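Below: one structure, written as structure tokens.
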Amino acid sequence: MSTTCLFCRIIAGEIPGRFLYQDERFVVLQDVNPQAPLHALVIPRKHVATLNDLLPEDDGLVGEMFRRAALVAREHGVADSGYRTVFNCNREAGQTVFHIHLHLLGGRPLAWPPG
Ligand code: AMP
Ligand code: ZN
């Protein structure tokens, strides 16, 4: 837990968030500024600032994040039509919240390459 981290504070209940799912290791939040009809964030309760800070012991955590994203995509009816998962790492990739989160975007055609 980092007291200055937005996602740690939402997970702790200090700041409101729209939770789509939660368990002992993860929460899934609805993004406050959605970029697609489905825009969810899969967030581990453990505070890890960026992908660069992951440890070998986090391998299972990251695998579960992708599996959770796939389950949320299925629940929201986009598993077969298609969806995108994205981790932004650091400034040039557009990371603004320094607690890792997997974006899940779906419900519309998504352009490639991304901007
Ligand atoms: P990134 O730019 O990859 O770090 O993603 C951060 C994401 O968090 C953005 O898509 C924001 O719209 C989203 N966001 C920021 N504040 C909140 C909040 N209070 N609740 C839910 N999502 C948020
Ligand atoms: Zn945090």
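The values are calculated or read from the model by the stated rules, or taken from the named source; none is laboratory data. A quick note: this is a predicted structure, and the numbers were derived from the prediction, not measured. Here the Cβ positions follow ideal geometry from the backbone for every residue, glycine too, while neighbour counts run over all protein chains shown. Ligands, DNA and RNA are excluded from the accessible area calculation, which covers all protein heavy atoms including side chains. Shrake-Rupley method; radii C 1.70, N 1.55, O 1.52, S 1.80 Å.
Structure data summary
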| item | result |
| --- | --- |
| Complete set of residues in region 50-108 that are more than 15 Å from ligand 2 (Cβ to nearest atom), under 16 Å from the mean Cα position of the chain (by Cα) and of a type in the set (A, V, I, L, M) | Val62, Ala69, Ala70, Leu71, Val72, Ala73, Val86, Ala93, Leu104, Leu105 |
| Near pairs, Cβ below 8 angstrom, 6+ apart or cross-chain, from region 1-22 (touching a residue at least 12 places away in the same chain (Cβ under 8 Å)) to any residue that is open to solvent by less than 50 Å² (accessible area, probe 1.4 Å) and among the hydroxyl-bearing types (Ser, Thr, Tyr) | Cys8/Ser2 |
| Residue ID - farthest from Pro34 (Cα to Cα), chosen from residues in region 90-111 that are surrounded by 16 or more Cβ atoms within 10 Å (Cβ to Cβ) and out of contact with any strand residue (DSSP E or B) (no Cβ under 8 Å at 6 or more places or on another chain) | Phe98 |
| Pair list, Cβ under 6 Å, 6 or more apart: region 92-112 residue closer than 22 Å to Tyr21 by Cβ and of a type in the set (A, V, I, L, M, F, W, C), other residue open to solvent by less than 20 Å² (accessible area, probe 1.4 Å) and assigned to a loop (DSSP other than H, G, I, E, B) | Ile100/Val48; Leu105/Ala36 |
| Region 14-23 - residue that is open to solvent by 60 Å² or more (accessible area, probe 1.4 Å) and out of contact with any strand residue (DSSP E or B) (no Cβ under 8 Å at 6 or more places or on another chain) and, of those, farthest from Leu71 (Cα to Cα) | Glu14 |
| Candidate set: region 24-49, residues that are surrounded by 13 or more Cβ atoms within 10 Å (Cβ to Cβ), among the β-branched types (Val, Ile, Thr) and farther than 18 Å from Asn90 by Cβ; chosen: the one nearest to ligand 2 (Cβ to nearest atom) | Val27 |
| Residue that is surrounded by the most Cβ atoms within 10 Å (Cβ to Cβ) [pool: residues in region 66-85 that are in contact with a helix residue (DSSP H, G or I) (Cβ under 7 Å, 6 or more places away or on another chain) and closer than 18 Å to Asp31 by Cβ] | Tyr83 |
| Only listed residue being closer than 19 Å to Ile15 by Cβ and of a type in the set (Asp, Glu), chosen from Asp80, Asp31 | Asp31 |
